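Notes follow once the structure below has been shown.
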Amino acid sequence: MEKKIKLDSKTSITLNNNVGWLFLYKDQFGRDIVPTLVPVLNAGIDLVFGVYKETGGKISKDSIMNIDTDALTDAIYSAASIEAVDLLNIVWALAKNADEEIPEPREWFKQFEAFPVDVIAPAVFELIFKAMVSTKNLKRLQSLRESLQPNSTSTES
């Protein structure tokens, strides 16, 4: 799957999450990304399914505000454990997977005046989840995400 991310009014990048990006990452950076990603993926899944299970699938603003603080703290620490350079390396590998003409990472990143991580990171993790999480669990996550959208039809307490 390819996803185009607009960085500013003139610049966008295209990312591709087919399995090839894992090989590109390992070839370029000399290590597998899975040990870096697994704690983040597990914490996110545990947190989401914990909330989903506690509420019987009925997500509301109140249930989000009452998330178990230990679970939330674990998820935050796991997400924070990924270094900025790891995130940039992942972005590069996903982009290189979409376009073989992309130069080496340091050269490629020099072209960007800004690189808004707050825009890029959610898109990157969505692509990774779609590539690495089972279809069954991905559907659960997507339905939970839809129920959390501001214009959703979920019941609020």
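The values are calculated or read from the model by the stated rules, or taken from the named source; none is laboratory data. All figures in this text were calculated on a predicted structure; none of them were measured in a lab. Reconstructed Cβ throughout: ideal geometry from the backbone, glycine too, with neighbour counts over all protein chains shown. All accessible areas refer to the heavy atoms of the entire protein, side chains included, with ligands and DNA or RNA removed. Shrake-Rupley method; radii C 1.70, N 1.55, O 1.52, S 1.80 Å.
What to note about this one:
- Test: residue in the range 16-32 that is open to solvent by 60 Å² or more (accessible area, probe 1.4 Å), at pLDDT 95 or above and in contact with a Pro (Cβ under 8 Å, 6 or more places away or on another chain): yes
- Among the residues making up the range 78-112, a single one is open to solvent by less than 70 Å² (accessible area, probe 1.4 Å), at pLDDT below 95 and among the charged types (D, E, K, R): Asp86.
- The single condition from (1) modelled with pLDDT under 75; (2) open to solvent by 40 Å² or more (accessible area, probe 1.4 Å); (3) assigned to a helix (DSSP H, G or I) that Ala75 fails is (2).
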